[in-house]
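Below: one structure, written as structure tokens.
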Amino acid sequence: MTRPLSRGQLGLSAVAIAVVAALGGYGLAQLQRPHADTSAMSAAPAPDRKVLYWYDPMVPAQHFDKPGKSPFMDMQMVPRYADEGGGEAGVRIDPGAVQNLGVRLATVERGEFAQGVDATGVLDFNQRDVAIVQARAAGFVQRVYGRAPGDVVAAGAPIADLLVPSWAGAQGEYLAVRGNGDPALEAAARQRLRLLGMSDGLIDQVARTGRTSNLVTVTTPVAGAIQTLDVRQGMTVGMGQTLAQVSGLSTVWLNAAVPEALAGQVRAGQSARAEFAAFTGQTFTGRVTAILPTAQADSRTLTVRVELANPGGRLKPGMFATVHLGGEVRPALFVPSEAVIRTGKRAVVMVAGDSGRFQPVEVQIGREDGDRTEILAGLAEGQKVVASGQFLIDSEASLAGLRAKPLAASAPAAPAKAGPALNQTRGRVEALAAGSITLSHEPVAAIGWPAMTMTFKLDPPSLAQGLKVGDQVAFAFEQRPDGPVVRRLAKETAR
């Protein structure tokens with residue numbers, strides 16, 4: 001029979017378990033560290049290697065210029081050597097560890113890049129395809145045909161029968177004049193019937209039968225959905241009174257909400273694709289017919305109107321859709337979207353170097369096309385970036401105290417020139433302010449910029465003197481860490 005452990009024995013067992021767990025965790029952390037860093041854990045520095053600083057592995061961001069015990073933990077500080085990649089060369093990861101982490105590399109490429117915008121939209125009736133049904137003469141509603149708002153009717157569908165007493169006398173006079181055989185008088189009498197609101201079909205019927213008819217059936221001129229119906233049996237109607245309103249369904253409008261910041265990438269005539277939850281796997285195509293002139297103040301979006309064909313009336317106003325607005329295809333520098341680490345304040349990619357070294361680099365991103373992201377600045381064509389496993393490498397870089405290379409410093413070095421590189425293009429003045437100007441400019445191929453609207457600083461501010469909104473200008477700007485700055489600006493004369 002096993003005796004129960006005493007309280008002291010239980011305490012000793014708990015302490016032993018805690019010590020074993022701590023040692024196991026420390027050992028696991030050491031196994032996960034790259035081999036290049038394992039030698040750095042020794043407190044005694046190698047005599048033939050230069051020490052950059054001393055640090056506590058648990059608090060790597062804090063650096064010390066002397067060895068000793070860490071002020072944070074009860075352990076000796078370790079040296080960081082110059083050849084360990086803690087500087088510009090990046091952090092080094094053992095090739096075996098890279099393979100175990102499943103790191104996959106991708107190449108920075110330049111190719112055709114579609115300028116597209118994705119948005120959400122709501123279907124609406126085509127307000128250009130609306131028919132108003134009115135009474136052509138004063139009379140009484142003798143019969144209605146059981147219609148109601150929302151009903152879908154075909155062209156020529158009856159709405160109501162109207163009894164028009166004044167027509168009987170005019171038709172009798174027409175028949176009497178017609179009997180005289182005078183074509184001129186008959187034509188004048190026929191014209192009088194038209195002015196009273198009779199259709200040519202009704203006049204022909206009276207001439208053919210020789211009998212008056214003051215009962216007319218009001219029909220819908222187009223097929224569609226009844227929006228309003230203001231006619232009831234027995235009511236009196238006046239000339240020109242609206243009886244019904246019918247909206248056609250052969251085409252519908254898709255009103256897409258495009259963010260204000262992307263409005264410059266949309267124009268009338270662009271192709272558009274729409275996907276609806278009701279029709280999984282199907283795509284409906286159309287074109288942008290209009291961009292409404294006012295923005296929604298609460299959502300900061302512009303309404304872009306897309307017209308879609310609606311065969312069979314499958315698309316119902318009120319349906320929600322995902323809209324893909326296609327644009328021009330332009331050359332651009334891009335990487336796989338999965339390679340970009342978005343921190344909220346900036347975008348970073350892990351650039352792969354030689355000998356298993358990796359460097360976090362800040363980049364400026366642009367448009368997205370499927371699974372590709374445009375790179376406006378920070379990378380050069382042909383560089384290798386980490387497309388899978390970059391978060392683990394980024395964690396290792398943070399542990400080593402390595403910061404991402406700033407955007408200005410990560411741009412490829414330009415050949416030496418007498419002054420800063422200037423990028424030239426043309427544009428239209430959209431807004432003017434003290435020390436800045438907003439321009440809708442053409443593409444800047446030298447740096448891979450698409451056509452867009454953006455605000456530039458002016459150096460000097462007097463460059464904009466004499467300009468006004470709407471002027472066409474030619475300008476040159478340089479890239480600075482705090483943003484692009486216009487250095488030359490000239491108004492273009494009308495051609």
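The values are calculated or read from the model by the stated rules, or taken from the named source; none is laboratory data. This one's a predicted model, so the numbers in the text were calculated from it and none came from an experiment. Every residue, glycine as well, gets a Cβ built from its backbone with ideal geometry; the counts of neighbours run over all protein chains shown.
Taking the criterion of being more than 25 Å from residue 317 (Cα to Cα) and touching a strand residue (DSSP E or B) at 6+ places or on another chain (Cβ under 9 Å), the residues of the range 188-230 that qualify are 197, 198, 199, 202, 214, 215, 216, 217, 218. Scanning the range 304-320 for residues that are under 21 Å from residue 249 (Cβ atoms) and surrounded by 15 or more Cβ atoms within 10 Å (Cβ to Cβ) yields a count of 8. Within the range 451-486, the set of residues being in contact with a helix residue (DSSP H, G or I) (Cβ under 8 Å, 6 or more places away or on another chain) and surrounded by 14 or more Cβ atoms within 10 Å (Cβ to Cβ) comprises 451, 452, 453, 458, 479, 486. Test residue 309 against the stated conditions and say whether it is touching a residue at least 24 places away in the same chain (Cβ under 8 Å), touching a Phe, Trp or Tyr at 6+ places or on another chain (Cβ under 6 Å) and at negative phi. It is false that residue 309 is touching a residue at least 24 places away in the same chain (Cβ under 8 Å), touching a Phe, Trp or Tyr at 6+ places or on another chain (Cβ under 6 Å) and at negative phi. Please specify each residue of the range 440-495 satisfying the condition of being touching a Leu at 6+ places or on another chain (Cβ under 8 Å) and in a loop (DSSP other than H, G, I, E, B). Passing the criteria: 448, 467, 468, 469, 481.
Here residue 462 meets the list (1) more than 10 Å from residue 486 (Cβ to Cβ); (2) at pLDDT 90 or above almost entirely, failing just condition (2). Being assigned to a helix (DSSP H, G or I) and touching a residue at least 12 places away in the same chain (Cβ under 8 Å) is the requirement here; does residue 176 meet it? When the stated conditions are applied, residue 176 does not pass them. For the range 263-301, filtering for residues that are in contact (Cβ under 8 Å) with a residue 40 or more places away in the chain, within 12 Å of residue 323 (Cβ to Cβ) and not in a strand (DSSP E or B) leaves 2. The condition (being under 29 Å from residue 222 (Cβ atoms) and out of contact with any helix residue (DSSP H, G or I) (no Cβ under 7 Å at 6 or more places or on another chain)) is satisfied by just one residue among 323, 335: 323. Scanning the range 209-242 for residues being assigned to a strand (DSSP E or B) and touching a Ser or Thr at 6+ places or on another chain (Cβ under 9 Å) gives a total of 7. Note on the range 243-252: among residues that are of a type in the set (Gly, Ala, Ser) and assigned to a strand (DSSP E or B), the one that is surrounded by the most Cβ atoms within 10 Å (Cβ to Cβ) is 244. Tell me, yes or no, whether the range 124-137 has at least one residue that is on the phi > 0 side of the Ramachandran plot and either at pLDDT 90 or above or of a type outside the set (Phe, Trp, Tyr) (or both). No, that holds for no residue.
Working carefully through the options 323, 288, 335, find the one that is closer than 24 Å to residue 365 by Cα, buried (at least 16 other Cβ atoms within 10 Å of the Cβ), modelled with pLDDT of 90 or more and of a type outside the set (Phe, Trp, Tyr).
Step by step, each of 323, 288, 335 is checked, and only 323 is closer than 24 Å to residue 365 by Cα, buried (at least 16 other Cβ atoms within 10 Å of the Cβ), modelled with pLDDT of 90 or more and of a type outside the set (Phe, Trp, Tyr).
The residues in the range 54-96 that are at pLDDT 65 or above, on the phi > 0 side of the Ramachandran plot and either part of a strand (DSSP E or B) or buried (at least 16 other Cβ atoms within 10 Å of the Cβ) (or both) can be counted, and the count is 0.
Restricting attention to the range 120-143, the residues that are in a strand (DSSP E or B) and surrounded by 18 or more Cβ atoms within 10 Å (Cβ to Cβ) total 6.
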